[in-house]
Amino acid sequence: MSFGGAVAVFGVSLLLDHYQGPPPCAPCDPGSVPGFDRWIIRPPVRAYATGSDLLILGLASGTLIHTAFGPRGQRRVLTELETMAWTMGVVGLSKSLIGRNRPVLYTEVAPDVANQVINQRSMPSGHAAIAFATATSYWLNNPERGLAPKLAAVAAAVGISVLRVASAKHFPSDVVVGAVVGTGVALAVHTIRF
């Protein structure tokens, strides 16, 4: 595992995004969305999206700083950063290959945002994936730390995921898949590195 490999995977996703055209529908039929996801269809709520952005910055910086001042801090911080990089690469590539529409493309404002490729990149949730990758990496990186900071990291990851759904940026299934991807990447990086 290396940062270069993660960057290459992410680069492929950017290349795929370059060739993406507009969605075949705008607005799309909400009836085509599974019932467990359909309830969230509405225009995005910016305040919740901003909250998730701020919380993920706090989670990442907090866990990195706390890890840096622990035993083998430099090595562990690099492992956490590598986990984040690989998660971004896997998520970027997955979003490009899956191409699921965001909830906004099922609303009346869809024609205004249909040409933004990001609105065809709902699954998996990058915020949820990075949050759970960070929390999992922090947990695995700090075996000597108590349970409280580890649970706080997981609670922050859950909060970020909830805010992504509350903001109507993602369907609930997007954040569940993101959480699984992030946790899986963290476990893979730590298995290979240690």
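The values are calculated or read from the model by the stated rules, or taken from the named source; none is laboratory data. All of these numbers come straight from a predicted model, not from anything done at the bench. Using ideal geometry, Cβ is built from the backbone for each residue, glycine included, and neighbour counts are taken over all protein chains shown.
Observations on the model:
- When region 17-39 is limited to residues that are in a helix (DSSP H, G or I) and either of a type outside the set (A, V, I, L, M, F, W, C) or crowded, with 17+ Cβ neighbours inside 10 Å (or both), the one that is modelled with the lowest pLDDT turns out to be His18.
- Ile130, sole failed condition from (1) touching a Leu at 6+ places or on another chain (Cβ under 9 Å); (2) without any contact (Cβ under 8 Å) to a residue 12 or more places away in the chain; (3) among the β-branched types (Val, Ile, Thr): (2)
- Check on Ala168, under 19 Å from Asp53 (Cβ atoms), assigned to a loop (DSSP other than H, G, I, E, B) and of a type outside the set (Val, Ile, Thr): yes
- Residues (in contact with a helix residue (DSSP H, G or I) (Cβ under 7 Å, 6 or more places away or on another chain), under 20 Å from Arg72 (Cα atoms) and small (Gly, Ala, Ser)) located in region 119-152: Ala133, Ala135, Ser137
- In the set Ser167, Ser161, only one residue is over 12 Å from the mean Cα position of the chain (by Cα), among the polar types (S, T, N, Q) and under 30 Å from Arg102 (Cβ atoms); that residue is Ser167.
- Residues located in region 87-125, provided they are buried (at least 24 other Cβ atoms within 10 Å of the Cβ) and more than 19 Å from Gly21 (Cα to Cα): Thr87, Val91, Pro124, Ser125
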